[in-house]
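**Student:** Before we start, here is the structure in question, set down as structure tokens.
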Amino acid sequence: MSQILPPTACPSCQGTVEFVNDLLYCFNKMCPAQWGKKLEHFGKSLKIKGLGPATIGKLELDDYPELYELTVQDISNRLGSEKMASKLATEIEKSKSVDLQTLLPSFSIPLFGRSASQKLCEKISTLEEISEKSCTEAGIGPKATANLLTWLEEEFYPNEYDTNLPFSFSATKTVKRETIGTVCISGRLNSYPTKARAAEALEQHGFAVKNSLTKECTHLINESGIESAKTQTARDRGVIIITNILELIGE
Ligand SMILES: [Zn+2]
């Protein structure tokens, strides 16, 4: 039986490779193979149609800003097709309007993907607001946070991506209304035919609805007037008891 040893050097640039979470990474920032992969991922994330590996190779790109410096003529010369060039130029132009939550995961930052970016951009509006504190507040894990901060410090700012890339670097705020309170519905209702309908109306008025009396609950709906164990618990916790949903939501 022969033992298979992991490579010690990157097959593309001969740079040293290191294990991160059981995967081998080449840490040479100029590695051409890495740039190919990074740009491929970038194109996919920003939905730039036609920016596949073959095209990236032909365009001779080895950094993100180069993509945005290309003229239609450059693309046409390198790809040998005017039609492809005009299509790709349109796609590249379109990608400039992406928001920060879409943009961040396109930079191949280890462990920092779309869901992390989404979570973070609910807490921040611009790239400048990225910090250990804002990441922690957004619930991003320490490793992903460290990777993101390292990327800012060692890649983003040194390469002047803030001025060399055409993005606004601002997050689109998802219209998420502040919740007024958290409501638990208990027992029979008079105001609405079903719990589902009541929950829908409450949510439209800015309340979160829980199926059980959790610690976050600020209101308990009890339209039946029956002094249940749940109602008693709510009273003990200082939860507001509501006897008519319509009064609560002001309808
Ligand atoms: Zn390499």
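**Student:** If you find the alpha carbon centre of the range 11-82 and of the range 95-117, how far apart are they in angstrom?
**Tutor:** 16 Å
**Student:** Give the percent of DSSP beta bridges with both residues in the chain that are antiparallel, rounded to the nearest 5.
**Tutor:** 35 percent
**Student:** For the chain, set up a Gaussian network in which alpha carbons nearer than 10 Å are linked by springs, and say which option among 215, 83, 49 fluctuates the most.
**Tutor:** Between 215, 83, 49, it is 215 that shows the largest mean-square fluctuation.
**Student:** Rounded to a whole number, what % of the accessible area of the chain do carbon and sulfur atoms account for, probe 1.4 Å?
**Tutor:** C and S fraction of accessible area: 52 percent.
**Student:** As I understand it, the dipole of the range 100-164 uses +1 on the Cβ of Lys and Arg and -1 on the Cβ of Asp and Glu, about the Cα centre. Which of 151, 138, 126 lies farthest toward its positive end?
**Tutor:** Looking along the dipole axis, the top candidate is 138.
**Student:** Taking 0.36 nm per residue of sequence separation and subtracting the Cα-Cα distance, how much length would be gained by fully extending the chain between residue 8 and residue 212, in nm to one decimal?
**Tutor:** 67.9 nm
**Student:** Here is a follow-up. What is the ratio of the Cα radius of gyration of the range 181-249 to 2.2 N^0.38 Å, where N is its residue count, to two decimals?
**Tutor:** That ratio works out to 0.97.
**Student:** Pairs 47/119; 29/96; 38/58; 44/133; 195/215: which exceed 26 Å Cα-Cα?
**Tutor:** Table pairs above 26 Å Cα-Cα are 44/133.
**Student:** Sticking with this structure for a sec: Taking Cα pairs under 8 Å and at least six residues apart, what relative contact order does the chain come out at, in percent?
**Tutor:** RCO, the chain: 12 percent.
**Student:** So if I average 1/r over every pair of distinct C-alpha atoms in the chain and take the inverse, what Kirkwood radius in Å does that give?
**Tutor:** 22.5 Å
**Student:** Provide the solvent-accessible area of residue 19, counting protein heavy atoms only and rolling a 1.4 Å probe, rounded to the nearest 10 Å².
**Tutor:** Accessible area of residue 19: about 130 Å².
**Student:** Can you list residues whose amide H is under 5 Å from residue 181's amide H, if they're 5+ apart or on another chain and H is modeled 1.01 Å from N?
**Tutor:** Counting only residues 5 or more places away or on other chains, the set is 208.
**Student:** With the chain treated as a Gaussian network of Cα nodes joined by springs under 10 Å, which of 192, 68, 157 yields the largest mean-square fluctuation?
**Tutor:** Greatest mean-square fluctuation among the candidates belongs to 192.
**Student:** If you don't mind, another one. Extending each Cα 7 Å along its Cβ direction at residue 71 and residue 40, get the distance between those two points in nm, one decimal.
**Tutor:** Simple spin-label model gives 3.1 nm for this pair.
**Student:** Whole-Hz Karplus ³J(HN,Hα) for the range 135-141, in order, using 6.51 cos²θ - 1.76 cosθ + 1.60 and θ = phi - 60°, x for Gly and Pro?
**Tutor:** Working through the residues one at a time gives 5, 4, 4, 7, x, 7, x Hz.
**Student:** Another one. Can you give me the accessible area per residue for the chain, using a 1.4 Å probe, in Å²?
**Tutor:** Averaged over the residues of the chain, the accessible area is 60 Å².
**Student:** Please build a GNM for the chain, connecting alpha carbons under 10 Å apart, and tell me which residue among 136, 145, 172 fluctuates the most.
**Tutor:** Checking each option, the largest mean-square fluctuation is seen for 136.
The values are calculated or read from the model by the stated rules, or taken from the named source; none is laboratory data. Keep in mind that this is a model prediction, so the values were computed, not measured. Counting neighbours? That spans all protein chains shown, and the Cβs are built from the backbone with ideal geometry, glycine included. The protein model used for the area step is the full one, side chains on, heavy atoms only, and it has no ligands, DNA or RNA in it. Shrake-Rupley method; radii C 1.70, N 1.55, O 1.52, S 1.80 Å.
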